Amino acid sequence: MRIHTRVPEGVTEAPGVVVAIHGPGLDAFIEDRVDALARRGYVAAAPDLYHRQPDDGADTMTRFGRLRDAEILEDLDAAGGSGRRGATGRRRSTWSAASRRR
């Protein structure tokens, strides 16, 4: 699974944030969000939640509809590592992650 990850420069410890992709996937917009969080002092990572899907040219809504909650949570956990971390995004993947992290 591809994960876009950035670590803030000059620090040995930092809080972590997992960035959930939006409909188009792990694109330049999401990569920019991850980079911006790192500039602000966070270790940030965005997993490609579509990595299990075929490269068949399906439209965004079809790709999004193929996502399964259990797989989303598995991928977000894999990207986040261990320890406390936050999650950000605007889709069900973020809501699912947040509800598990009480």
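The values are calculated or read from the model by the stated rules, or taken from the named source; none is laboratory data. Small disclaimer: the values here were computed from a predicted structure and weren't measured. Ideal geometry is used to build each Cβ from the backbone, glycine not excepted, and the neighbour counts take in all protein chains shown.
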**Message:** Given the condition among the β-branched types (Val, Ile, Thr), at pLDDT below 85 and within 17 Å of PRO15 (Cβ to Cβ), answer yes or no: does some residue in the range 41-54 qualify?
**Reply:** no
Of the residues in the range 8-29, those that are in a loop (DSSP other than H, G, I, E, B) and loosely packed, with under 14 Cβ neighbours inside 10 Å number 7
Taking first residues from the range 1-15 that are closer than 25 Å to GLN53 by Cα and modelled with pLDDT of 95 or more and second residues anywhere that are of a type outside the set (Asp, Glu) and in a loop (DSSP other than H, G, I, E, B), the pairs with Cβ under 8 Å that are 6 or more apart or on different chains are MET1/HIS51; ARG2/LEU26; ARG2/HIS51; HIS4/LEU26
Per the list (1) modelled with pLDDT of 85 or more; (2) assigned to a strand (DSSP E or B), residue check on ASP32 breaks on (2)
For the range 50-84, the count of residues that are of a type in the set (A, V, I, L, M, F, W, C), outside any loop (DSSP other than H, G, I, E, B) and free of Cβ contacts under 8 Å to residues at least 24 places away in the same chain equals 1
